[in-house]
1. From (1) part of a loop (DSSP other than H, G, I, E, B); (2) open to solvent by 60 Å² or more (accessible area, probe 1.4 Å); (3) within 14 Å of the ligand (Cβ to nearest atom); (4) over 24 Å from Asp176 (Cα atoms), pick out the condition that doesn't hold for Lys76.
2. Inspect all residues belonging to segment 164-181 and state whether any of them is over 24 Å from Phe132 (Cβ atoms), within 13 Å of the ligand (Cβ to nearest atom) and open to solvent by 20 Å² or more (accessible area, probe 1.4 Å).
3. Any idea which of Asp142, Asp138, Asp99 is at pLDDT below 95 and charged (D, E, K, R)?
4. Give all pairs with beta carbons closer than 7 Å in which a residue from segment 1-27 that is under 14 Å from Ile73 (Cβ atoms) meets a residue that is surrounded by 10 or more Cβ atoms within 10 Å (Cβ to Cβ) and among the hydroxyl-bearing types (Ser, Thr, Tyr); count only pairs at least 6 apart in sequence or on separate chains.
5. How many of the residues making up segment 43-73 are more than 19 Å from Tyr189 (Cα to Cα) and either aliphatic (A, V, I, L, M) or within 15 Å of the ligand (Cβ to nearest atom) (or both)?
6. Can you tell me which of (1) free of Cβ contacts under 8 Å to residues at least 12 places away in the same chain; (2) more than 16 Å from the ligand (Cβ to nearest atom) is the one Asn87 doesn't meet?
7. What are the residues in segment 90-128 that are away from the ligand (no atom under 14 Å from the Cβ) and free of Cβ contacts under 8 Å to residues at least 24 places away in the same chain, if any?
8. Collect the residues in segment 98-115 that are more than 26 Å from Glu190 (Cα to Cα) and either in contact with a Pro (Cβ under 6 Å, 6 or more places away or on another chain) or part of a helix (DSSP H, G or I) (or both), keeping them in residue-number order.
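The values are calculated or read from the model by the stated rules, or taken from the named source; none is laboratory data. Note that this is a predicted model, so its numbers are computed, not measured. Note that each Cβ is placed from the backbone with ideal geometry, even for glycine, and that neighbours are counted across all protein chains shown. Note: accessible area is taken over every heavy atom of the protein model, side chains too, but ligands, DNA and RNA are not part of it. Shrake-Rupley method; radii C 1.70, N 1.55, O 1.52, S 1.80 Å.
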Amino acid sequence: MRLRNVKNKEEILSNNPYFIADGTSYFGKWSEVFGNTNPIYIEIGMGKGKFIIENALKYPDINFIGIEKYDSILAKAVTKIPEGINNLKILRLDALNIDQVFYKEIDRIYLNFSDPWPKKRHNLRRLSSKVFLEKYDDIFKDTCNIFMRTDNRDLYIYSLESFSNYGYKLNDISFDLHSTEENLITTEYEDKFTKLGNPIYSVVAIKDKS
Ligand SMILES: C[S@@+](CC[C@H](N)C(=O)[O-])C[C@H]1O[C@@H](n2cnc3c(N)ncnc32)[C@H](O)[C@@H]1O
């Protein structure tokens, strides 16, 4: 994502009721943050937040957390959230530290249009690499399930292999998601690539907790 500096980002974030600057104090206690025991779904690398905000509005009985590491992007996301949503939080976090913030409490991870890291020597920075899958093991409550979408074929094939090698079963594989699914909640990147005529690849990866 191209990073345009938002000048008053600190002020926007510190005054926003949805924003959580440091999630470590809620480790294992995110149900308390929401005040209920509903399932918790997270999107890692949510960008400007369209997908997670629309999901929160559509599914009030699920708690959603959008995760992003850059303040300028976080500031853009929080300003788009309507008032009075009780099932959404926006968290500043580098996913490398995700296992310091959640513990056995996440029901679903969304990886939407994650950064592709095209150079082979950077493969382990991919959010679907073994480095991250090991961390995700600790944060899932019961079954591990990862919903992934991307326009990037190399990242997609890499991720299918990575999930499978790590013991995930691959469900709902699609090399052109939009040709079969209608009325999907889409992301900003998804809309951009779909307009360009690019196919969207998707998979639901599922694994029992080890
Ligand atoms: C290509 S954008 C996609 C944004 C959004 N999911 C979409 O589909 O429109 C990837 C986003 O992931 C964020 N990101 C990348 N690595 C991350 C990490 N380790 N932790 C948190 N966010 C990350 C980037 O800052 C960027 O906003």
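1. Against the list (1) part of a loop (DSSP other than H, G, I, E, B); (2) open to solvent by 60 Å² or more (accessible area, probe 1.4 Å); (3) within 14 Å of the ligand (Cβ to nearest atom); (4) over 24 Å from Asp176 (Cα atoms), Lys76 comes up short only on (1).
2. Within segment 164-181, the first condition is being over 24 Å from Phe132 (Cβ atoms), and the residues that meet it are 176, 178-181.
Narrowing further to those that are within 13 Å of the ligand (Cβ to nearest atom): none.
No, the conditions are met nowhere in segment 164-181.
3. On the way: Asp138 fails: at pLDDT below 95; Asp99 fails: at pLDDT below 95.
Testing whether each residue is at pLDDT below 95 and charged (D, E, K, R) leaves just Asp142.
4. Pairs that qualify, where the first residue is under 14 Å from Ile73 (Cβ atoms) and the partner is surrounded by 10 or more Cβ atoms within 10 Å (Cβ to Cβ) and among the hydroxyl-bearing types (Ser, Thr, Tyr), are Leu3/Tyr70; Leu3/Ser72; Arg4/Ser72; Asn5/Ser72; Val6/Ser72; Lys9/Ser72; Ile12/Thr79.
5. So in segment 43-73, the residues more than 19 Å from Tyr189 (Cα to Cα) come out as 57-64.
If we keep only those that are either aliphatic (A, V, I, L, M) or within 15 Å of the ligand (Cβ to nearest atom) (or both) as well, we get 57, 62, 64.
Of the residues in that region, 3 qualify.
6. It is condition (1) that Asn87 fails.
7. Scanning segment 90-128 gives Lys119, Lys120, Arg121.
8. Filtering segment 98-115 for residues more than 26 Å from Glu190 (Cα to Cα) gives 99-105.
Residues satisfying the conditions are Asp99, Gln100.
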